[in-house]
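The values are calculated or read from the model by the stated rules, or taken from the named source; none is laboratory data. Quick caveat: nothing in here was measured; it's all calculated off a predicted structure. We place every Cβ from the backbone using ideal geometry, glycine too, and count neighbours over all the protein chains shown.
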């Protein structure tokens, strides 16, 4: 359910000091400030709808607050380029091209499997991604990490946080560079929707779904999620909290309806699940790595590539992972610093005295991680997880 706010109400409620002062001074939000504020709201809330373009009568319809602020939306064509560490930016496209040169990805493959195959993530992190979808697996992974002294009982909530954030971020960056290489006419990228089912002998088989079936599955999911029985569940809850009783019930009903989906001629497909997959091919032309380096005018990299191709690839991969290690920890440090700053600002505004932070058993994972940030323990746990799940070139 969405709650309606006037512009003044929502700015005073959720705007920062710059936005508030701007509104007071101008009586409205000018376009650049309005766009910035809408991005702020989308980071904080699950759903945001706007009527108006920043004028006095603009209305805001706001959904539930997110459990954790998401990364800022940025629709620029080369989002991230120039903002990421240089070696992180340079490493991504070269590692993608290197792999496709060796073997075109002609079998539809999931993004997580591509991250593993392209050596962006090691086997330990690839296996750990199961924790995103299976609570029992997550508990087993936490037990293993405790045994290896990577985390302890206090910091165990950071495990899911780490796996979810890092795989989501890598997937977004990976697909972003696939798009750039596609735009540069270096690769061909095809997206597929795959269905898993059992054949008559009980063996798993995978079939590519037609647009008709994809549309039918999408409509089934929308209708189910919006039904009176499940409309209280957000998509995040449906996909994240699979051990909750109402979410379990949703998935039982979902799987039953998915199994009953029929094709264009009315034949039941007996689908067990569906997922997105990708195929990647090289475009015609000369060496795509040299073409990409020349496009970026990277003279030093071109010289090294021409003199010793193997050494260039090894150096590129090593520099990528070193840059990523630092980048991941710096982002975690930023989240921790912001949480401490917000907490201190709250105490100052309300004249409160600093209280002892206690992590309670019944706190949500989000609250526990916030408290770990207040205590300065979040970054330490994140750094240890990155060391465990990252590539080691020692």
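If only residues of segment 42-64 that are in contact (Cβ under 8 Å) with a residue 24 or more places away in the chain and in a strand (DSSP E or B) are counted, the one that is surrounded by the most Cβ atoms within 10 Å (Cβ to Cβ) is 60.
You will find that of 262, 279, the residue that is surrounded by fewer than 16 Cβ atoms within 10 Å (Cβ to Cβ), in the same structural domain as residue 220 (by TED's automatic domain parsing) and over 28 Å from the mean Cα position of the chain (by Cα) is 262 and no other.
Given the criteria loosely packed, with under 13 Cβ neighbours inside 10 Å and part of a loop (DSSP other than H, G, I, E, B), does residue 300 qualify? The answer is no for residue 300. Here residue 4 clears all of (1) under 15 Å from residue 61 (Cα atoms); (2) in contact with a helix residue (DSSP H, G or I) (Cβ under 8 Å, 6 or more places away or on another chain); (3) not in a helix (DSSP H, G or I) except the condition numbered (2). Scanning segment 126-137 for residues being touching a helix residue (DSSP H, G or I) at 6+ places or on another chain (Cβ under 8 Å) and farther than 17 Å from residue 238 by Cα gives a total of 4.
For segment 9-38, the set of residues classified as more than 18 Å from residue 63 (Cβ to Cβ), part of a helix (DSSP H, G or I) and out of contact with any helix residue (DSSP H, G or I) (no Cβ under 7 Å at 6 or more places or on another chain) consists of 17, 18, 21, 24, 25, 26, 31, 32, 34, 35, 36, listed by residue number. The set of residues in segment 240-253 that are within 25 Å of residue 366 (Cβ to Cβ) and surrounded by 13 or more Cβ atoms within 10 Å (Cβ to Cβ) comprises 240, 241, 242, 244, 246, 247, 249, 250, 251. The residues on offer are 98, 89, 71, and the sole one that is on the phi < 0 side of the Ramachandran plot and either assigned to a loop (DSSP other than H, G, I, E, B) or at pLDDT below 80 (or both) is 71. Check segment 127-150 and report whether any residue there is over 21 Å from the mean Cα position of the chain (by Cα) and under 21 Å from residue 324 (Cα atoms). Yes: segment 127-150 contains one or more residues that are over 21 Å from the mean Cα position of the chain (by Cα) and under 21 Å from residue 324 (Cα atoms).
Let's see how each residue does on (1) farther than 25 Å from residue 237 by Cβ; (2) at pLDDT 80 or above; (3) assigned by TED's automatic domain parsing to the domain that holds residue 171:
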{"residue": "329", "(1), (2), (3)": "yes, yes, no"}
{"residue": "333", "(1), (2), (3)": "yes, yes, no"}
{"residue": "353", "(1), (2), (3)": "yes, no, no"}
{"residue": "362", "(1), (2), (3)": "no, no, no"}
{"residue": "366", "(1), (2), (3)": "no, no, no"}
{"residue": "372", "(1), (2), (3)": "no, yes, no"}
{"residue": "379", "(1), (2), (3)": "yes, yes, no"}
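In the set 311, 333, only one residue is under 29 Å from the mean Cα position of the chain (by Cα) and part of a helix (DSSP H, G or I); that residue is 333.
Please indicate, with yes or no, whether at least one residue in segment 150-164 is out of contact with any helix residue (DSSP H, G or I) (no Cβ under 8 Å at 6 or more places or on another chain) and either within 30 Å of residue 102 (Cβ to Cβ) or surrounded by 15 or more Cβ atoms within 10 Å (Cβ to Cβ) (or both). No, there is no match, as no residue in segment 150-164 is out of contact with any helix residue (DSSP H, G or I) (no Cβ under 8 Å at 6 or more places or on another chain) and either within 30 Å of residue 102 (Cβ to Cβ) or surrounded by 15 or more Cβ atoms within 10 Å (Cβ to Cβ) (or both). A single entry from 138, 115, 170 fulfils the requirement of being assigned to a helix (DSSP H, G or I), modelled with pLDDT of 95 or more and farther than 22 Å from residue 375 by Cα: 115.
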